[in-house]
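A short worksheet on the structure shown next.
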Amino acid sequence: MQTPIVTAATPPARFTDDALWAAVKAEAQRQEAQLELIASENHTSREVMAAMGTVLTNKYAEGYPGKRYYGGCEHVDVVEDIARDRAKQLFKAAHANVQAHSGTQANIGALMALAKPHDRVLAMSLDHGGHLSHGHPKNFSGVFYEFASYGVEQHDERLDMNRVREKALEFKPAVIMAGASAYSRMIDFAAFGAIAKEVGAKLLVDQAHIAGLVAGGCHASPVPHADVVTMTTHKTLRGPRGGMIVCNDENIAKSINSAIFPGGQGGPFMHVIAAKAIALREALAPEFSVYARQVVKNAAALAETLAARGLRIVSGGTDNHLMLVDVTPMKLTGKDAENLLHAVDLTCNKNLIPYDQNPPTKASGVRLGTAAITTRGLRENHMRTLGNWIADVLSQPANASVAERVKKEVAELARAFPIYT
Ligand SMILES: *Cc1c(COP(=O)(O)O)cnc(C)c1O
């Protein structure tokens, strides 16, 4: 090309903002050096990141393709149409909205479309693995709707669909929400769909965590059973940070579009929508199913190793990409465990376990996920090594030489499986 057109993450001739770029560089080095076990994180492709560094960030495009409130949208219309078409194809849905800036904003749009303020909504308890946007009193959801919750049973730490049905019959919600942030078992979307029909509620499935597993064929899809399906694009789906909504009913699709814009947002992030389109193309490729299957196999292998070493896996195991590890058998709190693991460059988060005796600031568990470490190439044999490291560190918290050894071994493994370098 004679005259290069600046479209993208073409690095500028000179980076001038030293303080800022030093922090970005340090974060890149941190991601390379540590093993990322936070279940909601992943490492996107370079092409996804490149899209976010393009001129598309300059464009205002309020509205939808063909119906914009600004001129000059002919090219971003193409971008958004590609993203919507791929979302529909991937999730086998008739309609898609790709504008939500985040998973929470996708839920704002979906709830606004399905219910009036103060309507009743039944969702999974936050203490049992639900999400802030499913009725936390300080979140928009808890402020504007009347929430009640269902949870897992104490004896097996799983959802019992008969109990969910009883709650729904009793509470008579306008909307039932399904989906979670910290639940390691398959969710029976068909049963949720049947309950919603029986009680005359709309079913909103939030597949934020498992979108990539659904895309890869490792979890049954909620789309045939739900009125609306929301998701994040940055967790197992491995795209840019953002939200997305799919549904099959044309009238609901119209309500969602107007609930997202102008309901909850102004102009869409066209650079992020471009990145979503790229991630969706990646997820449509056959290799993505291989990836999703490996994520699930890795989680099972990690959970098995941890259980064999005396840690308790909530509900006895995992069907998806994550697990809740009860660390009380090691006489630790979740907060202790998070800190001990962080000290050896294993990043995770403390998490409440069902019926937790500790407050959320301490918690009794940690949540571990395999989406990110699978992206960088780790397999089942590495999971067994990793599980043993975690157990070594947590079973001897006062032993500095154990921590020192594990930290060195983590660094070696991370170096052997670079993400971008
Ligand atoms: C992560 C998550 C979200 C929200 O995602 P943000 O993009 O952080 O707003 C919504 N619902 C569930 C179930 C989640 O796990």
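Counting only DSSP H runs of at least 4 residues, each contributing -39500 (n - 2.57), and dividing by the residue count of the chain, the helix-based mean residue ellipticity at 222 nm comes to -13500 deg cm²/dmol. Going by accessible surface with a 1.4 Å probe and the largest first, 276, 92, 116 read 92, 116, 276. The length gained on full extension between residue 120 and residue 254, counted as 0.36 nm times the residue separation minus their Cα-Cα distance, comes to 46.0 nm. Close amide H pairs (under 5 Å, H built 1.01 Å from N) link residue 202 with 175, 176, residues at least 5 positions away or on another chain.
The C-alpha atoms of the chain occupy a region whose extents along the principal axes are 67, 64, 38 Å, arranged from largest to smallest.
May I ask you to list the trypsin sites (Lys or Arg not before Pro) in the range 298-365 that are in a DSSP loop and have at most 13 other Cβ atoms within 10 Å of their Cβ? Write out the running numbers ahead of the final one.
Numbers: sites: 309, 312, 331, 335, 350, 362; in loops: 309, 331, 362.
In loop regions of the range 298-365 (DSSP not H, G, I, E or B), the sparsely surrounded trypsin sites (Lys or Arg not before Pro) are 331.
Sequence-ordered 3J(HN,Hα) estimates for the range 73-78 from the Karplus curve with 6.51, -1.76 and 1.60 and θ = phi - 60° stand at 9, 4, 7, 5, 4, 4 Hz, glycine and proline given as x.
For the range 15-105, the square roots of the Cα gyration tensor eigenvalues, ordered a ≥ b ≥ c, give a/c of at least 1.5 with a/b no greater than b/c, which places it in the oblate category. Taking amide H atoms as placed 1.01 Å from N in the peptide plane, the amide H of residue 147 lies under 5 Å from those of 121, each 5 or more residues away in sequence or on another chain. Compared with the direct C-alpha span, the chain from residue 25 to residue 290 gains 92.3 nm at full extension, assuming 0.36 nm per residue. Net charge dipole, the range 313-375: roughly 140 debye, given to the nearest 20, about the Cα centre with Cβ charges of +1 for Lys and Arg and -1 for Asp and Glu. Along the axis of the charge dipole computed for the chain (Cβ charges of +1 for Lys and Arg, -1 for Asp and Glu, origin at the Cα centre), the listed residues 103, 261, 11 are led at the positive end by 11.
What the Cβ-Cβ distance of residue 400 and residue 163 gives, at R0 = 41 Å and to the nearest 0.05, is a FRET efficiency of 0.30.
Cross-link pairs exceeding 23 Å between alpha carbons, from the set 92/235; 116/202; 138/254; 59/235; 172/197; 254/276: 138/254; 59/235.
In debye to the nearest 20, how big a dipole does the chain give about its Cα centre with +1 on each Lys and Arg Cβ and -1 on each Asp and Glu Cβ?
Charge dipole of the chain: 200 debye, to the nearest 20.
State in Å² the accessible area per residue of the range 288-416; use a 1.4 Å probe, count heavy atoms of protein chains only, and round to the nearest integer. Let's see the in-between values first.
Working: 5150 Å² over 129 residues.
Per residue, the range 288-416 has 40 Å² of solvent-accessible surface.
Need the full-extension length gain, residue 342 to residue 381, defined as separation in residues times 0.36 nm minus the C-alpha distance. One decimal, nm. Before the final figure, lay out the partial values.
Values: separation 39, 0.36 × 39 = 14.04 nm, distance 2.19 nm.
Contour length minus the Cα-Cα distance gives 11.9 nm.
Of 334, 365, 66, which has the largest mean-square fluctuation in a 10 Å C-alpha GNM of the chain? Top of the fluctuation ranking is 66. Pairs of Lys residues in the range 288-416, spaced 8 or more positions apart or belonging to different chains, with C-alpha separations under 18 angstrom: 5 in total.
The values are calculated or read from the model by the stated rules, or taken from the named source; none is laboratory data. In this text, all values refer to a predicted model and were calculated from it rather than measured experimentally. So basically every Cβ, Gly included, is an ideal-geometry build from the backbone, and we count neighbours across all protein chains shown. For accessibility, only protein heavy atoms count, side chains too; no ligands or nucleic acids. Shrake-Rupley method; radii C 1.70, N 1.55, O 1.52, S 1.80 Å.
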